[in-house]
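Here the structure comes first, spelled out in structure tokens, and everything after it is commentary.
The values are calculated or read from the model by the stated rules, or taken from the named source; none is laboratory data. Small disclaimer: the values here were computed from a predicted structure and weren't measured. For neighbour counting, all protein chains shown are included, and Cβ atoms are generated from backbone atoms with ideal geometry for every residue, glycine included.
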Amino acid sequence: MSTENLASYAVSEAVSRGRVYAEPGPTGRSGFQRDRDRIIHSTAFRRLEYKTQVFINHEGDLFRTRLTHSLEVSQLSRSMARALGLNEELAEAIALAHDLGHTPFGHAGQEALDVCMKAHGGFEHNLQSLRIVDLLEERYAAFDGLNLMYETREGILKHCSLTHARELGDIGERFIADLRPSLEAQVVNLADEIAYNNHDVDDGLRAGLITLEQLEEVDIFAAARRAAVEEWPGLSGRRLIHETIRRMVNEMVVDLVDETRANLAASGVQTLTDVHHAPRLAAYSAALSPRLHELKAFLHGKLYRHYQVRRTTGKARRIIKDLFGAFLADPHLLPPRHQARAVVDKARAIADYIAGMTDRYALKEHRRLFEVEEIY
Ligand code: MG
């Protein structure tokens, strides 16, 4: 059903490397649709609602959470996959799963947990996403994890070190052989970037951490704003911001689709195997790249390093470090299910527990462990 009208270089279910545990095929939906559905029903997916990227979850109800971010990535991925004749269902499944492994408190949480895990193999959210779908979700009698199709798992694992790749079996092979992932995975990777570069501008403005005046120095924003005002003279406030961001998103999507199409034509790529052996084909044009770079540099300098953001991330780092230290010193403080895992690998079980926490759960657990008034 779903593999009709796919380009010859798309991932088709007919040539899928399948699932680790053999299962009867689904009825009424494709294998990749089943993957998407399993991801949506997972515990880790539901928790994305209470995890954040830049802002802490309770800072405001209007900001993106990892859940709404993942939905935006999924929307962009599906649009671009369709435009390129790729497998839209696979792109959707990868997009919805791409952030499952994130710790509480966004990048600050991930960095802090990685520091805590330095002597125990490190922590990487990307690997953790794969670990969740392969191992940590407990939903099926017959196997651990979600038993997703190989191509979905391959797309989730965007990058990993050679050391880790060697431990991962077939899913690590492409890193050792230096092969590219499917175009569906490449597109999702860039859709992720398009989503956060744009919604961080929106959320940053809404939070009052960055201003329209500052953004006038960023060419891609200024140009989109000029175009919006030209079409709608006198437009101001939220509508102007949305019309501006809408134009930026559109410019990035159209550029990416056109450039990728041109790369496909120039490379002579015909099959999925060709995709694996070719250089990365999903890319922005040479004209757009520096303008995107300027936007990213602006967000890094003015938003992610804003003193108010830094105060929050500083606290987040301390909370993760405190939790990890307390559990490592006494694993009997862990809830029973995690204690059982800690018998096998203490540090990894603690990291799995902490990474699974939502922002507010981590705050609560910190209070329960460190504040004498908080008993249970
Ligand atoms: Mg993301």
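Quick notes on this one:
- If the condition is being within 16 Å of the ligand (Cβ to nearest atom) and either basic (Lys, Arg) or in contact with a Ser or Thr (Cβ under 6 Å, 6 or more places away or on another chain) (or both), then segment 188-219 contributes VAL188, ALA191.
- Single residue of LEU48, LEU67, LEU100 found to be buried (at least 24 other Cβ atoms within 10 Å of the Cβ) and touching a Lys or Arg at 6+ places or on another chain (Cβ under 9 Å): LEU100
- Here the condition is being farther than 30 Å from GLU365 by Cα and crowded, with 18+ Cβ neighbours inside 10 Å; of LEU235, LEU215, LEU240, it holds for LEU215 alone.
- Residue match in segment 130-149 (condition: closer than 28 Å to LEU272 by Cβ and within 13 Å of the ligand (Cβ to nearest atom)): no
Residue-by-condition table, conditions (1) touching a strand residue (DSSP E or B) at 6+ places or on another chain (Cβ under 8 Å); (2) buried (at least 19 other Cβ atoms within 10 Å of the Cβ); (3) within 30 Å of VAL218 (Cα to Cα):
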{"site": "HIS276", "(1), (2), (3)": "no, no, no"}
{"site": "ALA287", "(1), (2), (3)": "no, no, yes"}
{"site": "GLY301", "(1), (2), (3)": "no, no, yes"}
{"site": "HIS306", "(1), (2), (3)": "no, no, yes"}
{"site": "THR313", "(1), (2), (3)": "no, yes, yes"}
{"site": "ASP322", "(1), (2), (3)": "no, no, no"}
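- Unmet criterion (only one of (1) touching a residue at least 40 places away in the same chain (Cβ under 8 Å); (2) buried (at least 21 other Cβ atoms within 10 Å of the Cβ); (3) acidic (Asp, Glu)) for ASP202: (2)
- Of residues in segment 103-115 being surrounded by fewer than 23 Cβ atoms within 10 Å (Cβ to Cβ) and more than 13 Å from the ligand (Cβ to nearest atom), the one nearest to TYR353 (Cα to Cα): ASP114
- Helices (runs of 4 or more DSSP H) contained entirely in segment 259-331, each with at least 3 residues that are aromatic (Phe, Trp, Tyr): 307-329
- Entry remark, segment 20-51: residues being of a type in the set (Lys, Arg), modelled with pLDDT of 95 or more and assigned to a loop (DSSP other than H, G, I, E, B) number 1 in total.
- Taken over segment 212-234, the residue count meeting the criterion of being assigned to a loop (DSSP other than H, G, I, E, B) and at pLDDT 95 or above is 5.
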